[in-house]
Every structure is written in C-alpha cells, then in structure tokens.
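Contents: one structure, followed by commentary.
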Amino acid sequence: MTTSLIAGFALGFSLILAIGAQNAFLLRQGLRREHVFALCLICATSDAILIAAGVAGFGTLTQAAPWFETAMRYGGAVFLIWYAMRSFHSAWQGGSVLETGPGQSMTLRAALLTVSAFTWLNPHVYLDTVVLIGSISAQYEDQMAFAIGAMTSSFVFFFSLGYGAGILAPVFRRPRSWQVLDLIIGIVMLGIALKLVAM
C-alpha cells in the first residue's frame, strides 16, 4: 500500500507541476489573496474526480479488453518520454518566467468560472488524469492507494501554491528557477516511463 501511495503521489505531483494557465491563474490570485481557499478547493476536487474516474474506468476497461492495458502502458511511456524531452528542452532553453503582476480584482463567481474553464476545458488535463494516471495505476496491486496518493498530491500542490504564492512568486520570477523545476520534472517523467517499459 505504501509503495502505491507514494508512487501515486509522485506521479500526480510531477504532472501537476508543469507551468500552465491554471497554475498561473491560481498563483496570481494567491498573490492578490483573492478567493484563495475556494479556488484551491475547486482545482483539487476537480483533479480528484478525474483521477477517480481514470482509475475506476481504466480497471473496468482492461478487464473487458486485456490488450488495452499493454497498449496504454507503452502509449503512456511514449507520452512521458515526450513530456520529459519537452521539460529538458525548456530547461536547456531557459527564459521562462511567470508574470504575476497586479490586475483588476475578480468577483468570486468570475474567479470560479475562470479556474473551472482552465481545468475542465483543457484537453491535457484528461490525458494526465484519466488516461495517464488511470493506465499507470493498473500496474499497481493497490490501485486505491495509488489513486489516493495522486489525489493527495493535488490537494497539497494547489493549497501550497495558493497560500504560498507570496513566497514562491519572487523565486519563480527568475528564469533559473523554472529551469531547475523543468529539469526535475523531466527526470521524474523519464524515470516513470522507463519503469513502464521495463514491466
């Protein structure tokens, strides 16, 4: 159980660390201290729902079509390798920086609608949570623990980002910080891909 839990947490955290519109928006709102709790809760709960759907649905599907698990395992490995290469490329190129300057205040409704759109209208989130986490969870005996680990990583990340924005923002205004982060993400993704291929 512990191995599955840690593996789920590590994968979930690595996937969610990638810079994107959702994280950038949450960081900006965190800097302004606007609706932080509600936004963090929406992001984390949305992830948890998608992860649960991926783990539960993938298990049912692999029982109905055993070949699908193998196809998704290698497909997931290819995707992770591509993701790792993209992260390594970003680390090599450098220059990424997150602008978190001031802007107009948002109502709670507008903020929730915006972050929900960033989450649910992003095709990449379905690939990460439903397909990738779902397929990798099939490799572990305790899929429930794997799912809980991945869900926990979402709650830890989003609440840390939202409430830690004041601490993180000055750090991630420096391109070097994003280079280090991209390098770490690339190493983790490549390691998971190699493990999938070796199974």
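With protein chains left intact and a 1.4 Å probe, residues in the chain average 50 Å² of accessible area per residue. Note on surface exposure: 80, 108 rank 108, 80 by accessible area, highest first, 1.4 Å probe.
The angle between the Cα long axis of helix 36-64 and the main principal axis of the chain comes to about 10°, on a 0 to 90 degree scale. Taking the C-alpha atoms only, the angle from helix 143-163 to the longest principal axis of the chain is near 10 degrees.
Ranked by the mean number of other Cβ atoms within 10 Å of their residues, highest first, the peptides 185-197, 132-144, 164-176 come out as 132-144, 185-197, 164-176.
Principal-axis analysis of the Cα atoms of the chain puts helix 108-120 at an angle of about 30° to the longest axis. Debye-formula intensities of region 110-191, expressed as log10 I(q)/I(0) at q = 0.14, 0.18 Å⁻¹, are -0.70, -1.11 (one equal scatterer per alpha-carbon, no solvent). For Rg/Rh (Cα atoms, Kirkwood Rh), the candidate list reads [x] 0.99; [y] 1.01; [z] 1.44; the entry that matches the value derived from this model is [x].
The values are calculated or read from the model by the stated rules, or taken from the named source; none is laboratory data. Fair warning: this is a prediction, and the values are worked out from it, not measured in the lab. All Cβ positions, glycine included, derive from the backbone under ideal geometry; neighbour counts span all protein chains shown. Heavy atoms of the whole protein, side chains included, go into the accessibility calculation; ligands, DNA and RNA do not. Shrake-Rupley method; radii C 1.70, N 1.55, O 1.52, S 1.80 Å.
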